[in-house]
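Taking it in order: structure first as structure tokens, then the write-up.
What follows is calculated from the coordinates using simple rules that are stated; it is not laboratory data. The shown structure was predicted, so the numbers you read here are calculated from the model rather than taken from an experiment. Virtual Cβ from ideal backbone geometry, glycine too; neighbours counted across all protein chains shown.
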Amino acid sequence: MITFIRGKIYEFSAEHVILENNGIGYYIYFNRPELLSLGETMTIFTYQHFRDDATVLYGFAEKNELDIFQKLILVKGLGPKTASMILSRCKSSDLVIAIEQGDVAFLKKMPSVGTKTAQQIILDLKGKLIEISTEETSINQELDEAIEGLKSLGYKTFEINSIKSQLVKMDCKTTKEYLSEGLKMLNKRSGG
């Protein structure tokens with residue numbers, strides 16, 4: 001099972017990215033073109049789906065998106081393509097809130113989701129996604145400020161997202177400490 005690929009963005013469209021790693025181009029269904037830049041190095045978390053006629057990779061910029069995707073595809077009648085499109089249309093935290101609140105109207109706004117599917121998603125997943133989303137929503141003010149600082153230094157959102165979960169777990173007291181740790185991690189990832 002391929003759980004993530006780190007490589008250079010060779011090509012992308014609104015629905016896919018080709019990530020080059022050690023001379024091999026991986027075709028990954030990825031619905032977030034706004035996060036991509038040609039030639040940039042990126043880590044994409046992947047789910048490998050086996051069909052009778054093909055093996056398909058679905059990709060996500062953050063690990064918690066992959067975790068939520070894996071829960072969504074367990075819902076009766078919801079396939080990986082629809083699950084992937086749902087996560088491309090809304091923030092994962094908004095999706096979790098909608099499921100927890102039983103918000104059928106919100107879920108019906110998602111591609112290929114009708115009333116019956118929305119109700120099934122709520123029935124199957126209510127209470128099961130809180131743990132996954134806690135990591136994303138437990139960010140404190142100092143960390144928020146450090147993330148803004150990294151953006152102002154020119155780091156891309158996908159680069160910052162790739163280290164955010166590690167920063168959340170750190171016991172930093174100030175914005176400066178988070179910023180310092182973030183810079184160390186980003187420097188290490190870029191081979192510096």
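Starting with the fewest neighbours, write out Met85, Met1, Met170 ranked by other beta-carbon atoms found within 10 Å of each beta-carbon.
The order, fewest Cβ neighbours first, is Met1, Met170, Met85.
Rounded if a/c is under 1.5, else prolate if a/b is larger than b/c, else oblate: which is the range 1-58, with a ≥ b ≥ c the root eigenvalues of its Cα gyration tensor?
Here the range 1-58 falls in the prolate category.
Listing Val96, Val56 from the residue with the fewest other Cβ atoms within 10 Å to the one with the most, what is the order?
Starting with the residue having the fewest Cβ neighbours, the order is Val56, Val96.
Taking K and R as +1 and D and E as -1, what net charge do the other residues with C-beta under 12 Å from the C-beta of Asp144 add up to?
The answer is -1.
So for the chain, taking the charge dipole from beta-carbon charges (+1 Lys/Arg, -1 Asp/Glu), which of Met42, Ala118, Cys90 sits furthest toward the positive end?
Farthest towards the positive end: Ala118.
May I ask you to list the lysines whose Cα is less than 25 Å away from that of Lys126, ignoring any residue fewer than eight positions away on the same chain?
Lys63, Lys71, Lys76, Lys81, Lys91, Lys108, Lys109, Lys116
Taking the Cα centre of the range 63-132 as the origin, how large is its charge dipole in debye, to the nearest 20, when only Lys and Arg (+1) and Asp and Glu (-1) carry charge on their Cβ atoms?
260 debye
Which of the three applies to the chain, rounded, prolate or oblate, going by the alpha-carbon gyration tensor with a ≥ b ≥ c and a/c under 1.5 meaning rounded?
Oblate, because a/c is 1.5 or more while a/b does not exceed b/c.
Mind checking which aspartates and glutamates have their C-alpha under 20 Å from Lys128, skipping anything on the same chain fewer than 8 residues away?
Of all the aspartates and glutamates, those that pass the test against Lys128 - Cα under 20 Å, at least 8 places apart if same chain - are Glu62, Glu65, Asp67, Asp94, Glu100, Asp103, Glu136.
Can you show me the helix-derived [θ] at 222 nm for the chain, built from DSSP H runs with n ≥ 4 at -39,500 (n - 2.57) apiece and divided by the number of residues, rounded to the nearest 500.
Theoretical 222 nm ellipticity from helices: -14500 deg cm²/dmol.
Can you tell me how much longer the chain between Ala14 and Arg51 gets when fully stretched, taken as 0.36 nm per residue apart minus their C-alpha distance, in nm with one decimal?
The Ala14-Arg51 span can extend by a further 11.1 nm.
What FRET efficiency do you get for Ile73 and Asp144 if R0 is 45 Å and r is their Cβ-Cβ distance, rounded to the nearest 0.05?
So, using R0 = 45 Å, E works out to roughly 0.90.
Sequence neighbours fewer than 8 away in the same chain don't count; with that in mind, list the lysines whose C-alpha is under 24 Å from Lys176.
Lys151, Lys156, Lys164, Lys184, Lys188
Quote the charge dipole size of the range 1-117 about the Cα centre in Debye, to the nearest 20; the model charges only the Cβ of Lys and Arg (+1) and of Asp and Glu (-1).
Dipole of the range 1-117, to the nearest 20 debye: 320 debye.
From the backbone phi of the range 109-117, what are the Karplus-calculated ³J(HN,Hα) couplings (6.51 cos²θ - 1.76 cosθ + 1.60, θ = phi - 60°) in whole Hz, Gly and Pro given as x?
6, 6, x, 6, 10, x, 4, 4, 5
Phe4's amide H: which non-local residues (gap 5+, or another chain) put their own amide H closer than 5 Å, with H modeled 1.01 Å from N in plane and none for Pro or chain starts?
Under 5 Å from the amide H of Phe4 lie the amide H atoms of Thr46, each far enough along the sequence or on another chain.
From the Cα trace of the range 63-132, what convex hull volume per residue do you get, rounded to a whole Å³?
Each residue corresponds to 71 Å³ of Cα convex hull volume.
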